[in-house]
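Contents: one structure, followed by commentary.
The values are calculated or read from the model by the stated rules, or taken from the named source; none is laboratory data. No experiment lies behind these values; they were computed from the predicted model shown. Note that we place each Cβ from the backbone using ideal geometry, even for glycine, and neighbour counts take in every protein chain shown. With ligands, DNA and RNA removed, areas are computed over all heavy atoms of the protein, side chains included. Shrake-Rupley method; radii C 1.70, N 1.55, O 1.52, S 1.80 Å.
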Amino acid sequence: MKSGFVAVAGKPNVGKSTLINALMKKKVVIVSDKPQTTRNRVNCILNTENAQIVLVDTPGIHKPLHKFGEYMVKIAVNALKSQDMVLFLVDPIDQVRESDINIAKIIKESNIPTILVINKIDAATPEQVQEAETRIKEAFENAKNLIEIIKISALTGENLEVLMDKIIENLPEGPQYYPEDMATDRPLAFMISELIREKIFHLTSEEIPHSTAVVVEEITDKEDLVYIRAEIYVERKSQKGIIIGQNGRMIKKIGMLARKDIEALLDDKVYLDLYVKVKEKWRKKDSIILNTIGLKDDLE
Ligand SMILES: Nc1nc2c(ncn2[C@@H]2O[C@H](COP(=O)(O)OP(=O)(O)OP(=O)(O)O)[C@@H](O)[C@H]2O)c(=O)[nH]1
Ligand SMILES: [Mg+2]
């Protein structure tokens, strides 16, 4: 059979996680309209008749502003090493910028077979797509590892079959890395914390989503439901007030939407208990980033 690890890379917000869910034909990783939604490396396992494709979701590569950002970028750049293939996504609406060119350089030097993916063609003008293609081609001039340029829409599904065929065609012969019934390499607690974090990204704005982290503290099977207790970390007291909201309205909304998604994931009834905690400047503190939030596993 054909099999391998395919890193999905690019700057923040280009649609990496959306593409992975579209290829998986189910929601595995979280998505939002705000940059820097993905913070971890998440292996998503896609089984076809004669192939196992491990799609590796990565944080968007950007200029980091704090320690936490530095780790996120490190995770993404590390994930570009020792993979079988890279899908490099660009966003023609935002255009190809210096940040894309810098990522292109890393990919070029890695020498890993790469498919260039121009995403969001449903919303971009033909001129924007053309311009993006010209600029990204320039960046990959003389590259030996460029397989093909494919234009897609992860949102509408346009051209995803062409992309899938190209991926499988270029994967090496290899073993089945994961059991067939496994969708991701991440533990349940992580998947649950991500679903909660996604709702915070959807419902809050400005610095709030980025100042937030979620840690699942308890998952207990009870007679007729699963009890889950999670802590939402914020950096300041004022942010705690915003997450809780007037009369607790915001935290209720986050909890209700997250619970629905978690129930779908577990196929069981869920009681979701959320607590908000102030962890001052957690994005600058190694012990919280690496141990409590668990980024240490991603950096190994
Ligand atoms: N119109 C359009 N929007 C898209 C498409 N793909 C993704 N998006 C939108 O782009 C935004 C970002 O999508 P994500 O999948 O979270 O992007 P990402 O690259 O994973 O972002 P980070 O995790 O922050 O690095 C969301 O609002 C998506 O709905 C597409 O093909 N067309
Ligand atoms: Mg993402």
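Here is a yes/no grid of residues against (1) acidic (Asp, Glu); (2) touching a residue at least 12 places away in the same chain (Cβ under 8 Å); (3) within 16 Å of ligand 2 (Cβ to nearest atom):
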site: Ala154; (1), (2), (3): no, yes, yes
site: Gly157; (1), (2), (3): no, yes, no
site: Met164; (1), (2), (3): no, yes, no
site: Pro172; (1), (2), (3): no, yes, no
site: Asp181; (1), (2), (3): yes, no, no
site: Arg186; (1), (2), (3): no, yes, yes
site: Glu198; (1), (2), (3): yes, yes, yes
site: Val216; (1), (2), (3): no, yes, no
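Given the conditions (1) without any contact (Cβ under 8 Å) to a residue 60 or more places away in the chain; (2) farther than 23 Å from Lys285 by Cβ, report the number of the one that Lys237 does not fulfil.
(2)
What is the number of the single condition among (1) under 21 Å from the mean Cα position of the chain (by Cα); (2) modelled with pLDDT of 95 or more; (3) surrounded by fewer than 19 Cβ atoms within 10 Å (Cβ to Cβ) that Leu65 does not meet?
For Leu65, the failing item is (2).
Take region 24-37 and flag every residue that is more than 8 Å from ligand 1 (Cβ to nearest atom) and surrounded by fewer than 21 Cβ atoms within 10 Å (Cβ to Cβ).
Taking region 24-37 as the starting set, the residues that turn out to be more than 8 Å from ligand 1 (Cβ to nearest atom) are 24-28.
Matches in region 24-37: Met24, Lys25, Lys26, Lys27.
Can you list the helices (runs of 4 or more DSSP H) found entirely within region 188-290 that contain at least 1 residues being among the basic types (Lys, Arg) and out of contact with any strand residue (DSSP E or B) (no Cβ under 8 Å at 6 or more places or on another chain)?
Answer list for region 188-290: 188-203, 249-266.
Check whether at least one residue in region 193-200 is surrounded by fewer than 17 Cβ atoms within 10 Å (Cβ to Cβ) and in the same structural domain as Leu295 (by TED's automatic domain parsing), and report yes or no. Break it down into steps so the answer makes sense when it comes.
Here is the first cut: in region 193-200, the ones surrounded by fewer than 17 Cβ atoms within 10 Å (Cβ to Cβ) are none.
No; the residues of region 193-200 include none that is surrounded by fewer than 17 Cβ atoms within 10 Å (Cβ to Cβ) and in the same structural domain as Leu295 (by TED's automatic domain parsing).
Gly245 versus (1) farther than 20 Å from Met72 by Cβ; (2) within 21 Å of the chain's Cα centre (by Cα); (3) not hydrophobic (A, V, I, L, M, F, W, C): which is the lone unmet condition?
(2)
So, of the residues in region 48-61 that are crowded, with 18+ Cβ neighbours inside 10 Å and not hydrophobic (A, V, I, L, M, F, W, C), which turns out to be farthest from Leu188 (Cα to Cα)?
Among them, the one singled out is Gly60.
Report yes if Asn13 is at positive phi and either within 11 Å of ligand 2 (Cβ to nearest atom) or surrounded by 18 or more Cβ atoms within 10 Å (Cβ to Cβ) (or both), otherwise no.
Taking the combined requirement at face value, the residue satisfies it.
How many residues does region 254-287 hold that are open to solvent by 90 Å² or more (accessible area, probe 1.4 Å) and within 19 Å of Met191 (Cα to Cα)?
Going through region 254-287 one residue at a time, the tally reaches 5.
Taking the options Gly174, Gly157, name whichever one is more than 21 Å from the chain's Cα centre (by Cα), open to solvent by less than 50 Å² (accessible area, probe 1.4 Å) and at pLDDT 95 or above.
Exactly one residue qualifies, and that residue is Gly174.
Of the conditions (1) in contact (Cβ under 8 Å) with a residue 12 or more places away in the chain; (2) away from ligand 2 (no atom under 16 Å from the Cβ); (3) closer than 22 Å to Lys279 by Cα, Glu206 satisfies every one except a single condition; which number is it?
Failing condition for Glu206: (1).
Among Asn47, Asn21, Asn40, which is the only one that is among the polar types (S, T, N, Q), at pLDDT 95 or above and more than 12 Å from ligand 1 (Cβ to nearest atom)?
Selected residue: Asn47, the only one of Asn47, Asn21, Asn40 that is among the polar types (S, T, N, Q), at pLDDT 95 or above and more than 12 Å from ligand 1 (Cβ to nearest atom).
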